[in-house]
Amino acid sequence: MVREVPHFTPTLPDVSVLMVVHDAERSVRRAIESIQNQTLKNIELIIVDAGSTDSTPRQLEALAERDLRLDVVRADECGRLEGLDLALERSRGSYVAILDQNGWARPTMLASLVERARDKNLELVIGGYALDLAERGARFAERVVDAGDTSYLTQHDFRADAWRLFSSGQLLPASAKLFSREAIEGSMARFSAGMGTDHGFTLSVLRDVEKVGVVAGECYRLDRLVRASALQGGIPVSFRSLEAEHTALLGLYRHWGLDGDAASMEMLQNRYVEQLVSCVEEICLTPSRLGGAQQRDAVARMLGSEYARLAVSVARPRSNHVRSMLVPMRAQNVSLVCAQARLLSLLRRGQPLDVPADVFI
């Protein structure tokens, strides 16, 4: 059931900011105020409350009463991606941006992204972002993703350099980006029609986008709690997501005609292996969930994947941690892979995970 709070703005907004919240009483005010305090004022913020049971609805109503740019929609049986699609359908801005309930924007974020888009007639503008990672409530790492400043004014230039943006973790998330309305409608991009994450929406836009800009500096910050993945059939959900993402990225590069490009393919295989090692750790460090034999069976199934066999045979990851896992993985020595994963996890305790930053968004 969808219920609406009355909403009115006198002019068409420059930017529509989309947000879905659920039980976000500790962070929702900070997130919303970061948009209200933007130096660019002609905006709208469409907030879909996906069935919150804490004080979030009351906070939303109070904020919306004082700011006509806020459009609050109640959708009690709505998931995050469906909620973003609902917000997208209601949006009217020339550009679209995404706000996470645990994120907040720098005051000049929208102004700087819009300025670049209009100056160069760009369809997509990408900003830098920072992650504050916490585990069991304790902050343990900060990841800053900033690939510098550049504009790609032709489709060829963008596609040839996209591997670098994928590698940095800056290209896939829908957050910290400005999408033109024309690019969204031209690609028919929708959040719930993708891979089960925001990344599917971005990939839809990337298929045929032509003019892309990257703005240097961190414009967005996000809190993320790192949790062990759930299991399905003894395999981490994160591994199933990895397989789906890898399939989609390979499909994108085939569509671009770059599936034979050496730099692009090396990036894809390195990215896969980094996340595969993380999935192996999830299995091997959870004895209470799986016994030793079950752990080895799960790891063997993951290493037996067609993508995994190819990636571990050719990947050249930058991380020493990940590189040290390649020898037993290439030999399909499951027992040694499990033992090595446990040892390395202990050695790097308290250190950032060796996975792309966008895995957490």
Square roots of five times the C-alpha gyration tensor eigenvalues of the chain, ordered largest first and given in whole Å, equal 36, 25, 17
Checking Met265, Met302, Met188 against a Gaussian network model of the chain (alpha-carbon springs below 10 Å), the top fluctuating residue turns out to be Met188
Binned at 10 Å from zero, the C-alpha pair distances of segment 131-229 give percents of 14, 41, 32, 11, 1
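Find the relative contact order for segment 269-359 and round it to a whole percent, using C-alpha pairs within less than 8 Å whose residues are 6+ positions apart. Mind dumping the intermediate values first?
On the way: 80 pairs, mean separation 40.2, N = 91.
Rounded, it is 44 percent for segment 269-359.
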Using eta = 0.890 mPa s and T = 25 °C, Stokes-Einstein with Kirkwood Rh from Cα pairs puts D for segment 70-205, in µm² s⁻¹, at 151
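Can you pull the semi-axes for segment 129-185, root of five times each eigenvalue of the Cα gyration tensor, sorted largest first, whole Å? Each step should come with its number before you reach the end.
Details: eigenvalues 159, 43, 15 Å².
Sorted largest first and rounded, they come to 28, 15, 9 Å.
Restricting to segment 1-103, what percent of DSSP beta bridges are antiparallel, rounded to 5?
Numbers: 3 of 20 bridges.
Looking only at bridges with both residues in segment 1-103, the antiparallel portion is about 15 percent.
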extent check for segment 152-196: Cα max minus min per principal axis, descending, whole Å, gives 27, 22, 17
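Considering every Cα-Cα pair within segment 174-233, what fraction, in whole percent, is farther apart than 17 Å? Write out the running numbers ahead of the final one.
Working: 951 of 1770 pairs.
Across segment 174-233, Cα pairs with separations above 17 Å total 54 percent.
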For Val17, other-chain or 5+-apart residues with amide H closer than 5 Å (H placed, Pro excluded) are Glu44, Leu45, Ile46, Ala97
Per residue, accessible area of segment 6-91 with a 1.4 Å probe, heavy atoms of protein chains only, in Å², comes to 44
Mean separation of Cα contacts under 8 Å (at least 6 apart) over the residue count of the chain, i.e. the relative contact order in percent, is 16
In segment 211-283, the trypsin sites (Lys or Arg not before Pro) that sit in a DSSP loop and have at most 11 other Cβ atoms within 10 Å of their own Cβ are Arg227
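Please compute the length gained on full extension between Thr247 and Arg330, using 0.36 nm multiplied by the number of residues separating them and subtracting their Cα-Cα distance. Let's see the in-between values first.
Values: separation 83, 0.36 × 83 = 29.88 nm, distance 2.12 nm.
Difference between extended and current length: 27.8 nm.
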Cα-based Debye curve of segment 1-125 sampled at q = 0.14 Å⁻¹ gives log₁₀ I(q)/I(0) of -0.55
Magnitude of the Cβ-charge dipole (Lys and Arg +1, Asp and Glu -1) of the chain about the Cα centre, nearest 20 debye, reported as 1040
Yeah, segment 65-149 with a ≥ b ≥ c from its alpha-carbon gyration tensor (a/c under 1.5 is rounded, else prolate when a/b outruns b/c, oblate otherwise) is oblate
Once the dipole of the chain is set up from charges on Cβ (+1 Lys and Arg, -1 Asp and Glu), the residue from the list Gly127, Ser180, Ala263 lying farthest towards its positive end is Ala263
Percent antiparallel among DSSP beta bridges confined to the chain, rounded to 5, stands at 45
Here, segment 212-361 modelled as identical Cα point scatterers in vacuum has Debye log10 I(q)/I(0) at q = 0.13, 0.18 Å⁻¹ of -0.62, -1.13
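Restrict the search to segment 100-197; then list the trypsin sites (Lys or Arg not before Pro) that DSSP places in a loop and that have at most 13 other Cβ atoms within 10 Å of their Cβ.
Here the trypsin sites (Lys or Arg not before Pro) that fit, given the DSSP loop and packing criteria, are Arg136.
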Once both label points are put 7 Å beyond Cα along the C-beta direction, the Leu225-Ser151 separation in nm becomes 4.3
Toy charge model, Lys and Arg Cβ at +1, Asp and Glu Cβ at -1: segment 18-128 dipole around Cα centroid in debye, rounded to 20, equals 560
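The values are calculated or read from the model by the stated rules, or taken from the named source; none is laboratory data. Quantities reported herein were computed from a predicted structural model and do not represent experimental measurements. Please note: Cβ atoms are built from the backbone with ideal geometry, for glycine as well, and neighbour counts cover all protein chains shown. Areas reflect the complete protein model, heavy atoms only, side chains present, ligands, DNA and RNA absent. Shrake-Rupley method; radii C 1.70, N 1.55, O 1.52, S 1.80 Å.
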